[in-house]
Amino acid sequence: MGENYILEMNNIVKRFSSVTVLKGVTFRVKAGEIHALCGENGAGKSTMMKILSGFYPYGEYEGEVLIDGAPAHFSNTRESSAAGVEIIYQELEVAGNMTVAENIFLGREPVRRGVIDKERMIHGAADILRRLKVDLDPNIKVERLGVGMKQMVVIAKALLKQPKVLILDEPSAALSEAETENLLSILRDLRANGVTCVYISHRLDEVMEIADRITVIRDGESIVTDERANMDKEKLIRYMVGRSLSDQFARRENSIGDVIFSVEGLNAVHPRTGKQILKDVSFELRRGEILGIAGLIGAGRTETAMAVMGVLDAKVTGSITLEGKPVNNRTPREVIDQGINIVTEDRRVLGLVPDEDIKSNVILSSLDKVSKVGVIIQNEVIRRTDEFVRKLRIRANSIDQEVGRLSGGNQQKVVIAKALLTEPKVLILDEPTRGIDVGAKAEIYQIMEELAEQGVSIIMISSELPEVLGMADRVVVMCEGRVTGTLDNRELTQETVMRYATQYSNSEVRA
Amino acid sequence: MNTEKKETGTIMELIRANIRSYIMIIALVVLWLIFGLLTKGVFLRPRNLSNLFRQMATTGIIAVGMTTVIICGFMDLSIGSVAGATSALVAILVSEKGAAPIAAILAALVFGLAIGAFEGFWTAYMGVPAFIATLGGQLIFRGATLFITRSKSIKVNNPDIIFIGQGYVPLVIGVVLAVLAALVLIVLEMRGRASKEKYGLSVPPLSRSILKLVLMIGLITAFMIVMYVYKGIPIALLILLALAVAVDFALTSTKYGNSEYAIGGNAQAARLSGINDRKIAFISFLLLGVTGAITGIVLTGRLASGTPSTGTGLELDAIAACVIGGVSLSGGKGRVWGALVGALVMASIANGMSLLSLQTYLQDWINGMVLIIAVFVDVVSSKVLSD
């Protein structure tokens, strides 16, 4: 008692028909602190945020929410915003066709006699961006910005409302290391200016770096709230998963074979702007090898993968060879049939059909395998899907469940199952663990190890250096569309990789 | 304990997946009861029901094709004009060029296929938005209709063509078809069970299979009785049913259908998964073109003529039928049977209101509101279910 809490959620219980998602969660944030909220996917973090935002209106849950000591009964998001709660979601809500200033002032445009006062708006935007120490022209269209800058726009927009509490939901999920550093330093500045922040993240390093206090929830219950000083990463993981994950990366002793796949002198030029997207990219992949591709956002890693699949919107030259034969990549179908497949970075946009069930998604790339004269054999579909559900430990009510309703980790496993059903020799995994919880991550790593042992060659594109260093046999580092280093993963450190990753853009590194 | 949980989960999923069909069928039954009461039973007499089914057949045939196009994420505004042009073509060939009916029908089908290819080319391959490409098609083929008919009504006396539009299936053939349908249902159910066993999957209890078969065969019997108390199954309705069975099979059980739903659900992901999205969309336009041609032939027979205005507005009726029947305009969702129930709802309202001698403007108002409310119910129910 007597503590100065700006936000309190006391004994919150939330049920969906028969399932209780929150079982009496308590979460208290002190004024002026950065409070990290950690928990695996499905632990109940998003549900808590939806209660705070008024998305689940007052009356649909039990327990109390207090803002500045006063009970809050939000029935929609407008009311929570008026009460000083601003939430910045992972999917940045920006209107790409509008300018930075227009986005920041969206819905709150300064008006003079019924007409928008553009001058004041641009000044106001420039002002707030300066406070954030972000060098950004308010007149530029948001669609031209990268993810990191878009996020700054959203933060500026939220700050304009002078919130009591600023909540960031997985803010660093799509950011490169440098961009994340930048974000963290901005949050520190905000704290110095008295803004209270709630920081929700999977990335425990960041949490340990920035938080004053940490609350961990698991299975809809609050497990612990403590000062950061009393925590460490191991402890955090233990609280989150309820067990120790001392060895996240399954270490394997496998034999790596001959070169099976190679890319040589890959160049790609944007068809309209003429910008060179890829410059002379070359690398080799051996049988049973896990090759990491590291680099900052925009380094050309995803573009390389898309060029291999034949779907990069650019003029591509260079040679791609599989088992000594040039790869025909006019359409994804032909690439897949030759034994190369991809698990894309953005599974909701490029990987899944969210409204369709698990089995329809799993067979999507292998319709020939489960059909006879064009007719799908349902039981064959069920058999194959069941097999993958078991092998990859996909957790779902049934294989008839819509994939859009699964957790991120299980969705990712469905995409992997889809790729594996095509029996690829080379599997490209683009950010395979993005936005999925610690437990599922470890499972994905294990799946990768098993595949490599079976002789599948894996290209793993990742922005999380610890996982690249934990998993890869060799690491290709890219920067600005070029390969800047091909490194053997022996005694390799994050610092070395970062040095190669920022070879052409030292200005971006602020850490 | 654990398996129990899983069981209820699956049943919930099942209800979730089918709740829309239940709502639609309940709505249809309620609608029929209301009209039955208001018309003192006239609405529910076999004679009227037979009429009703004949009326819904033309919209229904196009709605079957429209379903495939909408599931891909497209739509087609030209198909009413296509039916009109086909009708005019059949009329002119039979009445003025002295062509054999079968030749005229074949010509009509080829014509429909060609138009489907035309629309598919512009939308699927050239990337013209379907709304525009098919709006253009609507004008072009309405113009073609005027050109073929020289803006006059062309009378058709050929008994074969008229039979397609107005005739009925003789009792003997009808019974044979019904028995065949029942046998096919039984065989399919048994083979399904056997195959499940072969794959080592859990087989549902025999009682459930028997109950399902008894229900379906009961429905067929009831349908036969109602139809044959009057004159029998209208030929147009038989065409519709055959088409619906074939297309529903294609959509639910073939590579083509699976690809359709995937494209409608997420075209980018489907393409990257190796599906030729353009080809699949093109095929669905071909199919729609053919259904437009079939409707044109049926209309020629029913009206015993080809007229400049035949088929006007049919495309919107078909789209409305699809939407009422739960085929999502954003693509990837819906079944042929839903669209047929939608067509039946619309035909029932039109039929009931004209029995009640409601003014045309009132009928339009009510039709419009039904469309809006049907979609509203869909929006609300899917929102409730997703929570």
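Quick notes on this structure:
- Residue match in segment A:73-81 (condition: crowded, with 21+ Cβ neighbours inside 10 Å and over 22 Å from A:Arg218 (Cα atoms)): yes
- Screening segment A:321-345 for residues that are β-branched (Val, Ile, Thr) and assigned to a helix (DSSP H, G or I) and picking the one that is nearest to the other protein chains (Cβ to nearest Cβ) gives A:Ile336.
- Subset of segment A:395-404 (residues that are more than 8 Å from chain B (Cβ to nearest Cβ), within 24 Å of the chain's Cα centre (by Cα) and modelled with pLDDT under 90): A:Arg395, A:Ala396, A:Glu402, A:Gly404
- The lone criterion from (1) touching an Asp or Glu at 6+ places or on another chain (Cβ under 6 Å); (2) farther than 15 Å from A:Val29 by Cα; (3) not polar (S, T, N, Q) left unmet by A:His202 is number (1).
- Scanning segment A:346-371 for residues that are more than 9 Å from every other protein chain (Cβ to nearest Cβ) and buried (at least 24 other Cβ atoms within 10 Å of the Cβ) gives A:Ile358, A:Lys359, A:Val362.
- Test: residue in segment A:380-394 that is in contact with a helix residue (DSSP H, G or I) (Cβ under 7 Å, 6 or more places away or on another chain), surrounded by fewer than 19 Cβ atoms within 10 Å (Cβ to Cβ) and more than 11 Å from every other protein chain (Cβ to nearest Cβ): yes
- Exactly one residue among B:Ala242, B:Ala270 is within 16 Å of A:Ile358 (Cα to Cα) and without any contact (Cβ under 8 Å) to a residue 12 or more places away in the chain, and that residue is B:Ala270.
- Checking each residue in segment A:294-320 for being assigned to a loop (DSSP other than H, G, I, E, B), away from chain B (no Cβ under 14 Å) and not β-branched (Val, Ile, Thr) picks out A:Leu296, A:Gly298, A:Ala299, A:Gly300, A:Ala314.
- Yes/no for A:Ala70 being of a type outside the set (Phe, Trp, Tyr), over 29 Å from the mean Cα position of the chain (by Cα) and buried (at least 19 other Cβ atoms within 10 Å of the Cβ): no
- Out of B:Ser284, B:Ser305, one residue alone is touching a Lys or Arg at 6+ places or on another chain (Cβ under 8 Å), more than 11 Å from chain A (Cβ to nearest Cβ) and of a type in the set (Gly, Ala, Ser). It is B:Ser305.
- Of everything in segment B:311-327 that is small (Gly, Ala, Ser) and under 20 Å from B:Ile297 (Cα atoms), the residue that is surrounded by the most Cβ atoms within 10 Å (Cβ to Cβ) is B:Ala318.
- Among the residues of segment A:420-443, just one is modelled with pLDDT under 90 and among the polar types (S, T, N, Q), namely A:Thr433.
- Of all the listed residues (A:Gln151, A:Gln90), the sole one being modelled with pLDDT under 90, under 25 Å from A:Val198 (Cα atoms) and surrounded by fewer than 16 Cβ atoms within 10 Å (Cβ to Cβ) is A:Gln90.
- When B:Leu385, B:Leu329, B:Leu371 are checked against the criterion of being in contact with a helix residue (DSSP H, G or I) (Cβ under 7 Å, 6 or more places away or on another chain), under 30 Å from B:Phe249 (Cβ atoms), modelled with pLDDT under 85 and within 14 Å of chain A (Cβ to nearest Cβ), a single residue qualifies: B:Leu385.
- Residue in segment B:241-250 that is surrounded by 23 or more Cβ atoms within 10 Å (Cβ to Cβ), more than 14 Å from chain A (Cβ to nearest Cβ), of a type in the set (A, V, I, L, M, F, W, C) and under 16 Å from the mean Cα position of the chain (by Cα) present: no
The values are calculated or read from the model by the stated rules, or taken from the named source; none is laboratory data. This is a predicted model, so every value here is computed, not measured. Note: ideal-geometry Cβ built from the backbone for every residue, glycine included; neighbour counts use all protein chains shown.
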